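The values are calculated or read from the model by the stated rules, or taken from the named source; none is laboratory data. All values derive from a computational prediction rather than experimental measurement. Using ideal geometry, Cβ is built from the backbone for each residue, glycine included, and neighbour counts are taken over all protein chains shown. Heads up: the accessible areas ignore ligands, DNA and RNA and are worked out on the full protein's heavy atoms, side chains in. Shrake-Rupley method; radii C 1.70, N 1.55, O 1.52, S 1.80 Å.
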Amino acid sequence: MSMLIIKGTFRAKDLQPDGDTVAFTPDDLTDWKRVPGTHQVLPKPDGRVSVRLEGIDALETHYGDDRSGIRHQPLPLAHKAADELLKWLGFKDVHRDEGAQQEKDRETVVIAVPETVPGYILTRGTDVYGRCVALVGRGRAPTLSGYEIDVDVEQLKKTANHHMVEQGLAYPTFYTGFPDHLRNALAVAAGAARTALPKRGVWAQDTTTDGFKVANMDSITARDGAVILPKLFRRLKDYLDLDLPGAPLACLPAFLAGCADRYYLQGVADQLTGLQHIVYTDGETVRMTRPVEEITFDEA
């Protein structure tokens, strides 16, 4: 599958980048109109758009809203991922507003040197939130902006997407439409990070498939909380926000069924609906029964 290449600059100052999302402004703002897909790119007044790195998912540094509460996964690893992405892109000195009165503001970058860095994105569309989903490259682009190119594994290895998975700082997370050869390359990179001695990044602490206890929100948000697949974290956070009476996990299977995530499993022909098929709970612990590399989520 070909991807559209757009040249521009990345920015961090006054924003809240994390390990898989960064702001990007094209050199030519009309390039946003070239992005394919059913969902329109929704740029800010200055032309920037939040770019979601395709094929990966890093620990959450701020998930939720003012009504339900903004939460994060264990911050040491979440910040390590965010810092590594910015460093890889070319930012030399980055500081967050750690002294902000409200916790949600502490993720805002107040100093970034330089303020912008050059780079490019390779995209095949947007998500439902108007974010451009893309492979992210630094420095000089491989061809002119506005052209479509076939992305091979060699080109993938030059992107932040591959780097973050290779370093173990992001989980591979696949959606329908992502080319098989790129998916396989990210899965190989994740496997190498997981089996390295010592294990790299999240894999040194990951309990997604081993299982972890959930007594309350701190179980998945504290500095020493469970390190798990961000997709699972988001569902657990939304569930715990309900503050249902009784045992904390009693209604989790029903909740997951109601969320109706659609996906395919490796070796299974039919599409499944609801993570309850691959998330097991005994009332005290939670674990996924399939590794993330074997799951393909429906991007529709």
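Table for the structure above
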item	result
Cα→Cβ-extended label distance, 7 Å offset, between L29 and S68, nm	3.3
The chain - charge dipole about Cα centre, Lys and Arg +1 at Cβ, Asp and Glu -1, debye rounded to 20	460
On Cα atoms only, tilt of 180-195 relative to the major axis of the chain in degrees	60
Rounded Å value of the spacing that divides the Cα centres of the range 179-198 and the range 110-147	23
Accessible area, probe 1.4 Å, largest first, for residues T285, T209	T209, T285
Lys/Arg +1, Asp/Glu -1 at C-beta; the chain dipole; positive extreme among A193, G8, G211	G8
Contact order relative to length of the range 1-87, as percent, for alpha carbon pairs under 8 angstrom and 6 or more apart	31
Whole-number percent relative contact order across the chain, with pairs defined as alpha carbons under 8 Å at least 6 apart	20
Per DSSP, loop trypsin sites (Lys or Arg not before Pro) in the range 2-82 with at most 13 further Cβ within 10 Å	R67
Nearest 10 degrees, 0 to 90: helix 75-89 Cα axis against the chain principal axis	10
The chain - share of DSSP beta bridges that are antiparallel (%, nearest 5)	90
Per residue value of the accessible surface for the range 74-213 (all protein chains in place, 1.4 Å probe), Å²	48
Counting DSSP beta bridges with both ends in the range 169-300, the antiparallel % (nearest 5)	75
Largest-first ellipsoid semi-axes for the chain, taking √(5λ) over the Cα gyration tensor eigenvalues, angstrom	30, 23, 18
Residue order for H62, H95 - accessible surface, 1.4 angstrom probe, largest first	H95, H62
Value of relative contact order over the range 27-156, rounded to a whole percent, pairs C-alpha under 8 Å and six or more apart	28
Distance from the range 48-101 to the range 221-300 (C-alpha centre basis), Å	22
Using alpha-carbon coordinates, inclination of helix 230-241 to the longest axis of the chain, degrees	50
Accessible surface of the chain [probe 1.4 Å, protein heavy atoms]: carbon and sulfur percent	48
